[in-house]
Amino acid sequence: MPNFGALRVVPDQRDFLATLNPEQRDAVETTSGPLLVLAGAGTGKTRVLTSRVAYIISQNIAAANEILAVTFTNKAAFEMKQRIGELVPGLSGDMWVGTIHAMAMRILRQHGEHVGIDPNFSILDDDDQHRVIKGIVTVLELDEKQFQTKVIMNHIRRWKDRGLFPWRLGLAMGPIETMSRRIYKEYQERLKTLRALDFGDLLLYCIKLFDDHPDVLKFYQDSLRYIMVDEYQDTNTSQYLWLKALASTHKNICCVGDDDQSIYSWRGAEVGNILRFESEFEGAKVIRLERNYRSSGHILSAASALIRNNVKRLGKELWTSDSEGELIRVKHAWNSEDEARFVSNEIEKLKADGVNLGNVAVLVRASFQTREFEERFLRQSIPYQVIGGLRFYERQEIKDAIAYVRFLIDNNDSLAFERIINCPKRSIGEATLQKAHAIAQSEGMPVSAAAQVYASRVRGKASQAINAFFSVISNARSLLDNTPPAIVVKTLLEESGYIAMWKQEKSSDALARLDNLKELVNAIAEFESLKDFVDHVSLMSERIDPDAPNSVSIMTIHGAKGLEFETVFLVGWEENLFPNQRTLVDNGMSGLEEERRLAYVGLTRAKRLIFISYCSHRKTNASGWQMATPSRFVKELPENDVIFLDKRGVSTSTEPVKDVAEEETPEMVRARYKFM
């Protein structure tokens, strides 16, 4: 076992406690027993965490290497180490500060042999996991279309997030899950042979180590006498079990988090971990950090009123000693184009007033929404960057679809042909393409034409697949003269099997890709011809430098958590879009409460100014519009904190526009998400 020693470093005489408010100081100086710090957005939680570490060391309550401080990202861990180092100069680098997975790995390197883990294990990334699982699917002679690797990976990750080995799983539901369980067992055996673990294993085997070898657990309980956890609301079941085991004797665990910002259930986060803290840790003290140092009064008042509608929460009220600031400005737009025009015009005004556009963000609920704003910003030469994702026309499914369009209008486009000929898979392998290339080179013709020549000379699956592909292209091409371009592309994507490919894909991002494809068809509807559209897309990437300074940030609200901006545009606040109706159908009231927490996160990203917009019409396919209603979240904002704008951008009534469409039934919702 490692020798922790008695590393004690006393900081200099700087009184870092003097910079804390009373609640922060109480959290820092409470050093005995379980402590939950409910830290609202912008209330200085990182300062509390790092100051608490420094205080415990400076008061000789514990040595630096007797403190475990964990967070969720390498960036946050680095910042935590840096801040602690500033408060405690000369501190040794042997502190237990890092991500939960990094700390679990450290333990397994020392004691993994007790549970059959080679101490020199390697860690698999996503590509490695994909390759191992695909190999198992092949060995079992399973249909890859039915048993997709990504779907199986998601099942396995979910089980590991819940702390479940293959032998601990309950009854299966359906053939996919049944087979996934069999593959999970085989997958774990393969990893042993490879002397490898994935990220889920780091916690899974650590928990098993603690469970099977209480002497090892006791060693770490005695050695790591103080535990501090950042972003506790984002922990999953495995992480909770790991932390509970380490803290179960001394109970000196301090968890900092915000139940109102728990927005990652789709990644396995369990908001119940923070809600049950007081019952899980007997005698726990709860300190609420409610003084916000980021946002103005109206923003905080609106955010607090909105989140108060949630039932499952511990409760707190954000406040500030600063001014009330600007009212939240709510804009009713006719459609998404009108909404994008409004946002870009307001950004132009901000720029004219000297605002740095690097302090401006446009936050969307779904990634497909970015397209309209990207198009408008390009027209008005507003520099922007898409944070945490690709620009709309750089996404895989969009590039695939555009390749179909390019080949449709030019059957000599070899690059487009090679991208789509086996997408979705059509039994046309690399060997077939190489033969087509050989014919193209010897007979001086495009690769696409050479593929047809090859198909005419041979028999078999490849020949049939090539002929079927060109039949689909020919059918779509025959529609060009008398059918709107968007309808042609919609038909082509459906008949080619490309839409079906993503419908069959059960990964978490498949529905988002379908939404993006739907938005692409909407974009094509704005052009008279497919050639005009392709030319437009070709010019998009050349018009603005994505790395230009002072760029507006476009991102999802999920991606904006932890960030802050002077001005925030919250767009698309409509029923079905936000809250997301799929989430409501799948998860009911818990889904609604998470959507509301997401709205709360969006509001609390802004320091000074917020614009909220919603449309009364959204285009849902190439040939029609759907009436939309304001999000219930708009209606939950207090009248005293908002101002409604008319078409000229000036204030009107403080009442939102009334609903103009009936609420959809679950059956209607499901039907709407079948592509187009």
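The values are calculated or read from the model by the stated rules, or taken from the named source; none is laboratory data. Please read these numbers as outputs of a predicted model, since none were measured by experiment. Ideal geometry is used to build each Cβ from the backbone, glycine not excepted, and the neighbour counts take in all protein chains shown. The area values use the complete protein model at the heavy-atom level, side chains included, leaving out ligands, DNA and RNA. Shrake-Rupley method; radii C 1.70, N 1.55, O 1.52, S 1.80 Å.
Normalised by the number of residues in region 284-381, the mean separation of alpha-carbon contacts (under 8 Å, six or more apart) gives a relative contact order of 25 percent. When each of the peptides 79-86, 36-43 is scored by how many other beta carbons lie within 10 Å of its residues on average, the order from highest to lowest is 36-43, 79-86. For region 311-325, putting each phi into the Karplus relation 6.51 cos²θ - 1.76 cosθ + 1.60 with θ = phi - 60° gives couplings of 8, 7, 7, 7, x, 6, 10, 6, 8, 9, 8, 7, 6, 5, x Hz, in residue order, rounded to whole numbers and with x for Gly and Pro. Accessible surface area normalised per residue over the chain is 44 Å², counting heavy atoms of protein chains with a 1.4 Å rolling probe. Ranking 129, 112, 146 by how far each Cα lies toward the positive end of the dipole of region 102-153 (charges on Cβ) leaves 112 at the top.
Less than 5 angstrom separates the built amide H of residue 552 from those of 384, 385, all sequence-distant by 5 or more or on a different chain. Remark: relative contact order (region 55-150) = 20 percent; criterion is Cα-Cα distance under 8 angstrom and separation of 6 or more residues. Partner lysines whose Cα lies under 20 Å from the Cα of residue 349, excluding those fewer than 8 positions away in the same chain, are identified as 331, 607, 647. Note on the chain: with neighbouring protein chains present and a 1.4 Å probe, carbon and sulfur make up 49 percent of its accessible heavy-atom surface.
Using C-alpha pairs under 8 Å with a sequence gap of at least 6, the mean separation divided by the residue count of the chain gives a relative contact order of 16 percent. The antiparallel fraction among DSSP beta bridges confined to the chain stands at about 10%. The C-alpha atoms of the chain define a longest principal axis, and helix 510-524 lies at about 50 degrees to it. In region 408-485, taking the dipole from charged Cβ atoms about the Cα centre, the farthest positive-side position among 473, 433, 460 is held by 460. Ellipsoid semi-axes for the chain, based on the Cα gyration tensor and the rule √(5λ), read 46, 36, 22 Å when sorted largest first. Taking region 126-253 as the region of interest, the number of lysine pairs whose Cα atoms are within less than 15 Å, with members eight or more places apart or on different chains, is 9. Return one number: the angle in degrees, 0 to 90 and rounded to the nearest 10, between the long axis of the Cα atoms of helix 530-543 and the longest principal axis of the Cα atoms of the chain. Computed tilt is about 40 degrees.
The alpha-carbon of residue 285 sits under 17 angstrom from the alpha-carbons of these aspartates and glutamates, leaving out residues fewer than 8 places away in its chain: 23, 26, 29, 230, 258, 259.
When peptides 207-219, 416-428 are ranked by their average number of other Cβ atoms within 10 Å per residue, the highest-first order is 416-428, 207-219. In summary, the aspartates and glutamates within cross-link reach of residue 490, defined as a Cα separation below 16 angstrom excluding same-chain residues under 8 places away, comprise 397, 400, 481, 515, 519, 526, 528.
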